[in-house]
Amino acid sequence: MADFGLLSAILWFPLLGIAAIIITNRSRPDTIKVIALITALIDFILSILLLYRFDFTNANFQFVEKIPWLDVINSFYFLGVDGISVLFVPLSTLVTLLCILISWYSIEEKVKEFYLALLFTNIAMVGVFLSLDLLLFYVFWEALLIPMYLIIGIWGGPRRIYSTIKFFLYTFFGSIFMLAAIIYLFLQFGTFDYTLLIGKTFTPQVEKLLFLGFLLAFAVKVPMWPFHTWLPDAHTEAPTAGSVILAGILIKLGGYGMVRFLLPLFPQATLFFAKLILVLSVIAIIYAGLACLWQDDLKRLIAYSSVSHMGFVTLGIFSLNPIGINGAILQMINHGIVTGALFMCVGVIYDRTHSRAINYYGGLATTFPLYAALFMIFTLASIGLPGTNGFVGEFLILQGAFMKDKAMVIFAATGVIIGAAYMLWLYQRVFFEKPVSGVFNLPPLRWNELLSLIPMVLLIFLIGLYPNPFLDFMKTSVSKILANIP
Amino acid sequence: MVTLSLNFGSLALELFFLLSGIFIFMIDRFIKSKSYAFWLSFWVILGSMVFILFIPFGDFTRAFRIDFFSSSIKFLLLIGFFFVLLLSDTHLNNFPGLNFGEFYGLLFFSLFGIFVVLSSQDFLTLFIGLELMSIPLYFLIATQYVYRKESLEGALKYFIAGALSGGLYILFLGIVYYATGTIYFEEVSKRLAQGLLKKELLLGAVFFISALSIKLSLVPFHMWAPDAYEASPLPITAFLSGLIKFAVMAVLIKVLILAYSPLKIEIGKILIPISLLTILIGSLLAIRQDNLVRLLAYSSIAHVGYAVLGLVSGDFAGYGFSLFYMFVYLFTTIGSFGIMIYLVRANRGFLEIPNLAGICQNLPFISLLLLIFLFSLAGVPPTAGFMAKFYIFLMLVKSQYIGVAILALLVSVIGAYPYIRVIKVIYMDKGHLGYYKPTYPIFLAFSLIVATFIVILLGIYPRPMLDFIQRTLFLYISLQFLQL
Amino acid sequence: MIPFEYYVLLTLLLFCIGLIGVLFRRNLIILLVSFEIMMNALMILFASISHYTKDVQGYIIVFFLIALAAAEAGVGLTLVVLLYRKLRKVYADEINYFRG
Amino acid sequence: MDLLVFLYLALGMCIPGLLAVLSKNPVHAVLWVLVLIIHQAFLLYTLGSEFLAAVQIIVYAGAVLVLFLFVVYMINLRMEERWRVFVKRSSLGLLILLFFAFFFFKSLAFLTALSPHFKANLHYDLSQGTNLWWIARYLFTHYLFQFELIGVLLLVVVLGAVFLLRKLKEVEGDSL
């Protein structure tokens, strides 16, 4: 196969950058930044190449690499992509690239460590999306904790330590149960190989327990409603890049995990629990939406809005029909782009004024017009205005959920309205009204900020106006996954 | 009359150690130069690492046997000991008043004791070996008593614990002798295989495990560990928590295989509550420690608890995983104590965790290494700590101890907290403590890099090491059962 | 012939007496003395088994135990003397420089 | 007659043992242990080993206890003023003691019921030689290795004591 090794190249290429950064003297931060940027750029180009070569008529795993890793327990270094994961890989590399750009001036201390952590994050994120061996998956999944723990804890805001420890312990706690379930699966079937595990049958009792083990890990990451409390704290205190990674990729891992593992491996349990999860999703949508209304902190508001949006994603996934799942995957990518961009925007003004309080701002539209325009686009995309990508995703999800359960959709649609309310109200409070003293004479947008925001705008309109190519990638794989579910 | 083999060839390595220990010890008075003792021990250890590959297998009387298992474990221990020597050299340069030769000499005696323990074929030799292993340590812990008052207290506590362990061990010896009339592993095993005396020997095993659990600092007998660790010089602490525990674990496994294999399931059941409590108490008490050494002491308590979990199922593969766990822990210990030796050179106050605040600014390299080791101790991939824990849990679930596995997993979340707290202090707090930036002595840098390399390598690709340990064990077991 | 159980009972009794000393006394000298009592108790067991079964091993183990007890006493006394010279304290609960 | 002798010796060991453990004055404790040791030596003699009885008296009474007495006099211990011995460490101690008491009483039944019925491993026969002869014969053949080890062990104790008691040169300004 001609493309053998492409996935490994994408996965491990940042190691070169890491090595180069390690040997660079820390007194030359600009060199470090340039190295990191070039590494991320090349990695992104490689992942675009992957997208280009990907054959979306084929529902099987492509670019498969399988090398024995731990013989004793029959575990493999097993990589592959299908329609579900292929879009996330370029998204991860893109987010890393943009994070490097957006932090160009805002990270001033411990520059070396910061870019090391970012590149390491990139490896772990891509690894999670690529690995088809459960143990390998778990290793990457947990390894992601280390750099995120550091990114939030070192470069974050005033209450960063509380948030980062909360983040670490919550996610660590969640994944422990997944580990137990993985070990059980291995002992039952003697393999960690995802492709071999599909279609195995269990007794209902066991299947439910295993499902819950996996679900807990994913639910903490997504985060679903009762487990969401780490997210606002972590988002609020993280540095801009950290928030963008959290919103853009990290919480997508949960949704990805659900589509990848829960549905195909435990179809019966999925059916059994689907109703419960739908209810939880709707609770998340409405609860988080309402919570947004009384936030006075910009980042916290956006963090709660992502809880709400991820509620849509789980709603879509557990509507268990192709439309809903396609919508959910697309919405995950949309949410990564839009919320990531919103966090970048907040980072932009935070760097200038060092305040995240909504009351602090007012009338930015007159003093900072270009920024206001960009923010408007992201706000509208977040609400889901037709023509932006948010509309496509939410529409598909609601349509899918309608086919599953009509009552849910009514509640979820309320969530859309609440979403419009809080985002527009936020926009009104920050950009209109009378300008306050703190927002005059803000320095204009820098090149790195423009460079990182423009691609997001382009993607929003690209997906919003012409979503078909993106949906084509996932269609066949999604229907294959659903084939198991009666 | 049994003919006895007086095969001095198989005793060669031990004799070599003994003689070089005595030589290094005795010569100390007559040589002014301080570094000769280190170089001598350095070459002795390097030499014996080669030497051990050529030692013929065989018996010396019925008490002492060189076989594949003991030689492999000895080889691993020699590697560990080599690094302890390197650390000692770095650390002892802070104490020009000390007699280095005597220090290294006593270390050699302790290693000699460990080797005897590993090769012993009966319970009496095992006991004498254990004493020989511990007695030099009582003195070594107290090395710094001129400078630090606590060191005598630590030594005394360890001594009292050790003496209690001795008492319990002799009680066990009495029960075994009383019940079977023999003290040889194989004979005990034969009696057990005939289905006789299970109850009596199980009672003996309780005392045996109590005696060894004092050396391993398992829970009802863990009190001495933090004090002794804090009191002793840092290389000795590394020796205590890395090498000694590795060796004692190996011996426990050996006895379980050789003497107690018909009872291994019952013994496993005794070990379950002990190890769970050990993990729980070690993890909980580690939370409120402010001293790095004490933190690592409690963490070593908890880690041995995890390693013991590999023994509960009575499955031989689990024994291999326990040994693997201890091996990983050995190198994590060497790395973390190496880092502490470096920190102490910068400022003694660095052993208190709050003082570590913000050292990543000025000591970025050492902070990064500490980060790796702490994550390994917490069991986060891609470090070796995760792989070691993973295999233990795998074993537990495989042998249907699912409840135990879940409990241990839950406690491991608590156990992660102390380490991430230290990382928090290092990377996220602002610090004010003054210090100068010491250079990296070549040996310290070497051992740190090797330990880091091993911890990461075993986290990513543990297969060769695991294969080595498992094959050793299986070969040993199959030979053993062919004999019987 | 005295019943063999008597010897076992005597052993256990003396061992418990020694154990009481080890666990409850805070005078280090008496602590060491209690260890000696424990050792001595066990010697009786080995010797009596040997006597009743005509097996030499027990006697030999007793011989080793005497030597081991002497060694332990040596170590303990060294530490006690040092402790006294350094700190003028011999009570186990008075030396507590460690907290927690 | 045998029984009477045994009872006397048993009492002669248990009572001094208790007194030693409970005495306030370490000198008294050491002297009570001396009484215990001498009784034990006789017990060992009645158990058929005159050699061990002699070793017991020579090593214990002659060396170890004299060492103890020497240390007690050297550090000039006074009597314990307060009778607070059961206070300080009792909580943990009690726990461990209870643990052992439980095991003892649980095991006592079958331990005492079990008379040693095994076939002797290293059999000896008094018609062929004295007890001392047999001990020596096996000590220097079967148990040669352990015998040498004990030698090393005692050597280590001596060396360790030398190591610690040698006066360390205190280094100025070095508080490490």
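The values are calculated or read from the model by the stated rules, or taken from the named source; none is laboratory data. Not measured: the values here are computed from a predicted model. Here the Cβ is made from the backbone with ideal geometry for all residues, glycine too, and neighbour counts use every protein chain on show. Ligands, DNA and RNA are excluded from the accessible area calculation, which covers all protein heavy atoms including side chains. Shrake-Rupley method; radii C 1.70, N 1.55, O 1.52, S 1.80 Å.
When region D:122-135 is filtered for residues that are facing another protein chain (nearest Cβ under 10 Å) and either touching a Gly at 6+ places or on another chain (Cβ under 9 Å) or more than 20 Å from B:PHE123 (Cα to Cα) (or both), the ones remaining, listed by number, are D:TYR124, D:ASP125, D:LEU126, D:ASN131, D:LEU132, D:TRP134.
Determine whether region A:424-439 contains at least one residue that is open to solvent by 20 Å² or more (accessible area, probe 1.4 Å), polar (S, T, N, Q) and in a helix (DSSP H, G or I). Yes, some residue in region A:424-439 is open to solvent by 20 Å² or more (accessible area, probe 1.4 Å), polar (S, T, N, Q) and in a helix (DSSP H, G or I). The condition of being surrounded by fewer than 22 Cβ atoms within 10 Å (Cβ to Cβ), in contact (Cβ under 8 Å) with a residue 40 or more places away in the chain and either out of contact with any helix residue (DSSP H, G or I) (no Cβ under 9 Å at 6 or more places or on another chain) or of a type outside the set (D, E, K, R) (or both) holds for only one of A:ALA372, A:ALA341, A:ALA328, that being A:ALA372. Confirm whether B:VAL312 is modelled with pLDDT of 85 or more and not in a helix (DSSP H, G or I). Considered against the rule, which asks whether it is modelled with pLDDT of 85 or more and not in a helix (DSSP H, G or I), B:VAL312 comes out as yes.
The residue list A:ALA420, A:ALA407 contains one member that is open to solvent by less than 80 Å² (accessible area, probe 1.4 Å), under 21 Å from A:GLY363 (Cα atoms), part of a helix (DSSP H, G or I) and not β-branched (Val, Ile, Thr), which is A:ALA420. Cβ-Cβ distances below 7 Å connect the following pairs, each with a first residue in region C:1-26 that is within 7 Å of chain D (Cβ to nearest Cβ), a second residue that is among the aromatic types (Phe, Trp, Tyr) and not in a helix (DSSP H, G or I), and a separation of six or more residues or different chains: C:PHE24/D:PHE86; C:ARG26/C:TYR91. Of the residues that make up region A:73-85, is at least one in a helix (DSSP H, G or I) and either under 27 Å from B:ILE460 (Cα atoms) or open to solvent by less than 10 Å² (accessible area, probe 1.4 Å) (or both)? Yes. For region A:169-179, the count of residues that are aromatic (Phe, Trp, Tyr) and under 30 Å from A:PRO90 (Cβ atoms) is nonzero.
Taking the criterion of being open to solvent by less than 30 Å² (accessible area, probe 1.4 Å) and more than 9 Å from every other protein chain (Cβ to nearest Cβ), the residues of region A:156-189 that qualify are A:GLY157, A:SER163, A:PHE167, A:THR171, A:GLY174, A:SER175, A:MET178, A:ALA181, A:ILE182, A:LEU185. Here A:ILE32 fulfils each of the conditions (1) open to solvent by less than 80 Å² (accessible area, probe 1.4 Å); (2) touching a strand residue (DSSP E or B) at 6+ places or on another chain (Cβ under 9 Å) apart from (2).
Is it the case that region A:196-211 has a residue that's within 7 Å of chain B (Cβ to nearest Cβ), in a helix (DSSP H, G or I) and open to solvent by 10 Å² or more (accessible area, probe 1.4 Å)? No.
To keep it simple, each residue is scored yes or no on (1) modelled with pLDDT under 90; (2) open to solvent by less than 10 Å² (accessible area, probe 1.4 Å); (3) outside any helix (DSSP H, G or I); (4) out of contact with any Lys or Arg (no Cβ under 6 Å at 6 or more places or on another chain).
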site: B:ILE279; (1), (2), (3), (4): no, yes, no, yes
site: B:VAL308; (1), (2), (3), (4): no, yes, no, yes
site: B:TYR319; (1), (2), (3), (4): no, yes, no, yes
site: B:TYR329; (1), (2), (3), (4): no, no, no, yes
site: B:TYR342; (1), (2), (3), (4): yes, yes, no, yes
site: B:GLY349; (1), (2), (3), (4): yes, no, no, yes
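Taken over region A:300-325, the residue count meeting the criterion of being open to solvent by 10 Å² or more (accessible area, probe 1.4 Å), assigned to a helix (DSSP H, G or I) and of a type outside the set (Val, Ile, Thr) is 4.
Pairs meeting the criteria (first residue in region A:236-264 and more than 13 Å from A:GLY156 (Cβ to Cβ), second residue part of a helix (DSSP H, G or I) and basic (Lys, Arg), beta carbons under 8 Å, at least 6 apart or on different chains) are A:LEU250/A:LYS221; A:ILE251/A:LYS221; A:LEU253/A:LYS221; A:GLY254/A:LYS221; A:GLY257/A:LYS221.
Condition check for C:ILE44 on (1) at pLDDT below 85; (2) under 28 Å from D:ILE15 (Cβ atoms): one failure, at (1).
Within region B:446-472, residues that are facing chain A (nearest Cβ under 10 Å) and open to solvent by less than 10 Å² (accessible area, probe 1.4 Å) have Cβ atoms under 9 Å from residues that are of a type in the set (S, T, N, Q) and outside any helix (DSSP H, G or I) in these pairs: B:GLY459/B:THR383, counting only partners at least 6 apart in sequence or on another chain. Scan region B:351-381 residue by residue and report those that are within 25 Å of the chain's Cα centre (by Cα) and away from chain A (no Cβ under 12 Å). Of everything in region B:351-381, those that are within 25 Å of the chain's Cα centre (by Cα) and away from chain A (no Cβ under 12 Å) turn out to be B:LEU351, B:GLU352, B:ILE353, B:ILE366, B:LEU369, B:LEU370, B:PHE373, B:LEU377.
If you check A:ILE485 against the conditions, is it buried (at least 17 other Cβ atoms within 10 Å of the Cβ), β-branched (Val, Ile, Thr) and touching a residue at least 40 places away in the same chain (Cβ under 8 Å)? Against the criterion (buried (at least 17 other Cβ atoms within 10 Å of the Cβ), β-branched (Val, Ile, Thr) and touching a residue at least 40 places away in the same chain (Cβ under 8 Å)), A:ILE485 does not qualify. Residues in region B:382-410 that are more than 16 Å from B:GLY310 (Cβ to Cβ), assigned to a helix (DSSP H, G or I) and at the interface with another protein chain (Cβ under 8 Å from one of its Cβ atoms): B:ILE406, B:LEU410. Of the helices (runs of 4 or more DSSP H) that lie entirely inside region B:84-191, those containing 2 or more residues that are among the small types (Gly, Ala, Ser), surrounded by 24 or more Cβ atoms within 10 Å (Cβ to Cβ) and more than 11 Å from chain D (Cβ to nearest Cβ) span B:150-180.
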